[in-house]
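Written out below as structure tokens is the structure these notes cover.
The values are calculated or read from the model by the stated rules, or taken from the named source; none is laboratory data. Fair warning: this is a prediction, and the values are worked out from it, not measured in the lab. Here Cβ is always computed from backbone atoms with ideal geometry, including for glycine, and neighbour counts include all displayed protein chains. With ligands, DNA and RNA removed, areas are computed over all heavy atoms of the protein, side chains included. Shrake-Rupley method; radii C 1.70, N 1.55, O 1.52, S 1.80 Å.
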Amino acid sequence: MNTPLLSDDPHDPDDPDDRILKTLRTRRQGPVLTVELNVPEQGNVVGEAMLDDLLSVLDDQDPSVRVLVLTAAGQDFCLGGDRDEFAGHLAQDPTGNGIRVSGVKARRVCDALMSHPAVTIARVQGRAIGAGFALALACDLRVGADTATFRLPELALGLPTAWGGLLPRLVSEAGAASVREIILTGRPLAAQEAFGLSILQRVVPEDALDAAVDEWVRPLLRRSLPAVRVTKTLLNSLSASTRLADVSVLDPELMAAVAGEVHHMRTTR
């Protein structure tokens with residue numbers, strides 16, 4: 001019987017390879033790095049602290065890390081951006097500069113996941129909403145529990161779907177017609193529908209998530225490291241080449257401009 005590559009006890013305080021940050025927990029097991037969103041009492045919402053923690057981990061590209069697994073503590077993968085922090089940014093600066101700065105960090109985080117030299121795997125349980133959807137989508141491989149759901153509620157909140165460069169990646173993976181309907185309606189996607197749209201590449205019962213990740217990790221560790229990294233670069237390049245222009249570079253500006261206008265309209269009624 002194979003020994004699981006992901007520990008049965010990911011929260012062992014005596015494990016010297018565990019590292020606890022403000023909003024994340026990381027665990028290194030040989031060439032596999034697990035990055036866990038670790039604010040379950042808040043639904044693992046993405047705020048400035050989490051963006052900073054993610055950047056500190058993702059920018060440290062140890063060449064000996066061959067696989068990076070993005071997972072989350074608690075019932076839900078991630079309930080989206082921190083709305084209280086978002087409102088605080090607007091209250092402090094109605095022009096949206098704080099949102100602009102946060103948006104640039106979000107784009108850097110998702111770019112770092114997509115371009116990371118390691119193969120990145122998202123392990124999704126519960127809800128993946130907004131920013132959580134984007135973080136999972138930025139990974140190369142995505143497995144979800146059969147009870148997982150995905151949703152993009154930005155339009156209902158008066159915001160554009162412009163977080164982390166999500167839109168071009170989503171259109172590339174799921175197709176323009178499907179993405180248009182998902183965004184305009186804001187409805188949740190069940191795991192099987194997400195699988196049909198290639199948002200997930202595998203769906204399993206929640207108690208089988210670790211085993212499913214292991215089934216991907218084991219062959220990846222046997223492959224030639226240079227070949228895997230070059231192939232990932234080629235796949236990313238081919239995906240990007242299908243777009244005439246990547247307007248997602250404007251996402252932080254769009255988010256700040258729309259949020260500032262919405263804030264102005266609400267405060268001048």
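Values computed for the structure shown
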item	result
Cα-only radius of gyration and Dmax that characterise the stretch 23-166, units Å	14.7, 47
Accessible area expressed per residue, the stretch 75-115, with surrounding protein chains retained (probe 1.4 Å, Å²)	49 Å²
Amide H partners (placed H, <5 Å) of L70, local residues excluded	V35, I121, A122, R123
Linear extension gain, R83 paired with D111, 0.36 nm per residue minus alpha-carbon span	7.8 nm
Tail fraction, Cα-Cα pairs, the stretch 65-122, threshold 17 Å, whole percent	55 percent
Projected label distance in nm at V101 and E48, using a 7 Å step from Cα toward the beta-carbon	0.5 nm
FRET efficiency for A211 and T147, using Cβ-Cβ distance with R0 set to 22 Å, rounded to 0.05	0.85
Length added when fully stretched, A91-D60, from 0.36 nm per residue minus Cα-Cα	7.8 nm
Share of alpha-carbon pairs per 10 Å distance bin for the stretch 152-221, given as whole %	17, 42, 28, 13, 1
Environment charge of D52, counting only residues whose C-beta is closer than 10 Å and scoring Lys/Arg +1, Asp/Glu -1	0
Descending Cα extents along the principal axes, the stretch 95-172, whole Å	40, 31, 21
